[in-house]
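Notes follow the structure.
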Amino acid sequence: MRLDAGAVTFPHGIALDDAGAALAVIDHRDRRERSQLLVFPVGDNGALAAPEARKDDRLSRANDVAPDGQGGWLVSIDQGSESGLGRLLEVTVPLARAKIIRPGQYAPFAEGLAFANGIARLNDGRIVVAETRADRLTVLTPDGTVAARVPLDGPPDNVSALPDGRLAVAVLTGGLQLMLSRQEWLGVDPPGSRVVAVDPDGAGPARVLFDDPDSAILAAATSAVAAGDRLVIGSVADSALAVCPLPAAVSR
């Protein structure tokens, strides 16, 4: 079912602003240099109206989007280098050149990040971004100041809020393996899946919510969101969603 009336060509990050009744989608279109942020008004019945296109040259490296709590949007720019060699160095050394922007505003909201990936806004206004190449989450205040860094046992991809205040984080279990499988090199299969619950203040160890190292259910999970008392898990490599019950301690 097409909800966007064909407005989106190549969707990437997506976020809903309940307060502003708007849905934002990063659209990489047919060429990444033409990427834009599409903002759809959402009607009372859930239908999407015609979108407003917000353009910014930096959106060619846009990864994910979150509402800023002020009627605008924050977008993670996963790499800051202009050249192919620079981008290669960012993911291999790594170099912390990624940033978070508000499209149309020159000054970045935050910068000096190591491959800024998934981003989410918490109820208290803090912003959480996954620093994939640093194996951690970075928690920012509403003005972009670093409030905390939460180390993880692997590279985080997308992140979302859970009902109990913790975060659902998809942790990549084999970055090189995933890259080779995506490029269809050497017949490499995608890696398994792992989703953990993490306290944004770094309190206590991460709790495993979904662990499928052999891809028996879902390969290469890259996102997970709570839907009532269920966890819905998406993948960059599988044409399916995995749905499983959330533990009672997490779903309340």
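The values are calculated or read from the model by the stated rules, or taken from the named source; none is laboratory data. What you see is a predicted model, and the numbers here were worked out from it, not measured in a lab. Heads up, the Cβs are rebuilt from the backbone with ideal geometry, glycines too, and the neighbour counts pull from every protein chain shown. Just the protein is used for accessible areas: all its heavy atoms, side chains included, with ligands, DNA and RNA removed. Shrake-Rupley method; radii C 1.70, N 1.55, O 1.52, S 1.80 Å.
Picking from residues in the stretch 95-111 that are in a loop (DSSP other than H, G, I, E, B) and open to solvent by less than 50 Å² (accessible area, probe 1.4 Å), the one that is nearest to GLN70 (Cα to Cα) is ARG102.
The lone criterion from (1) more than 19 Å from the chain's Cα centre (by Cα); (2) at pLDDT below 90 left unmet by ASP211 is number (2). When the test is whether a residue is farther than 27 Å from VAL39 by Cβ and open to solvent by less than 40 Å² (accessible area, probe 1.4 Å), ALA114 passes it. Each residue in the stretch 112-138 was checked for being assigned to a loop (DSSP other than H, G, I, E, B) and of a type in the set (A, V, I, L, M), and 2 of them qualify.
Could you please let me know if LEU23 is in contact (Cβ under 8 Å) with a residue 24 or more places away in the chain, assigned to a strand (DSSP E or B), assigned by the TED database to the domain that holds ILE77 and open to solvent by 60 Å² or more (accessible area, probe 1.4 Å)? No: the conditions fail for LEU23.
Across the stretch 213-232, the qualifying residues are those that are crowded, with 18+ Cβ neighbours inside 10 Å and touching a Leu at 6+ places or on another chain (Cβ under 6 Å), and the one among them that is farthest from ALA168 (Cα to Cα) is ALA220. If the condition is being assigned to a loop (DSSP other than H, G, I, E, B) and closer than 12 Å to VAL196 by Cβ, then the stretch 139-154 contributes LEU152, ASP153, GLY154. Figure legend. Inter-residue proximity from the stretch 211-235: first residues assigned by the TED database to the domain that holds GLY174, second residues open to solvent by 60 Å² or more (accessible area, probe 1.4 Å) and part of a strand (DSSP E or B), beta-carbon distance below 7 Å, spacing 6+ or different chains. Indicated pairs: ASP229/PRO245; ARG230/VAL243; ARG230/PRO245; VAL232/VAL225; VAL232/VAL243. Inspection of the stretch 84-97 finds a residue satisfying the criterion of being within 20 Å of ILE127 (Cα to Cα) and either among the aromatic types (Phe, Trp, Tyr) or at pLDDT below 95 (or both). Of all residues in the stretch 128-144, those satisfying the criterion of being touching a residue at least 12 places away in the same chain (Cβ under 8 Å), at negative phi and more than 12 Å from the chain's Cα centre (by Cα) are ARG133, ALA134, ARG136, THR138, VAL139, LEU140, THR141, PRO142. Scanning for something assigned by the TED database to the domain that holds ASP4, open to solvent by 30 Å² or more (accessible area, probe 1.4 Å) and among the polar types (S, T, N, Q), does the stretch 67-75 turn up at least one residue? Yes, the stretch 67-75 contains at least one residue that is assigned by the TED database to the domain that holds ASP4, open to solvent by 30 Å² or more (accessible area, probe 1.4 Å) and among the polar types (S, T, N, Q).
Table: residues versus (1) at pLDDT below 90; (2) surrounded by fewer than 20 Cβ atoms within 10 Å (Cβ to Cβ); (3) among the β-branched types (Val, Ile, Thr).
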| residue | (1), (2), (3) |
| --- | --- |
| THR138 | no, no, yes |
| VAL146 | no, yes, yes |
| ALA170 | no, no, no |
| GLY174 | yes, yes, no |
| ARG182 | yes, yes, no |
| SER193 | no, no, no |
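Taking the stretch 49-65 as the range and being assigned to a strand (DSSP E or B) and either out of contact with any Phe, Trp or Tyr (no Cβ under 7 Å at 6 or more places or on another chain) or open to solvent by 50 Å² or more (accessible area, probe 1.4 Å) (or both) as the test, the residues that pass are GLU52, ALA53, ARG54, LYS55, ALA62, ASN63, ASP64.
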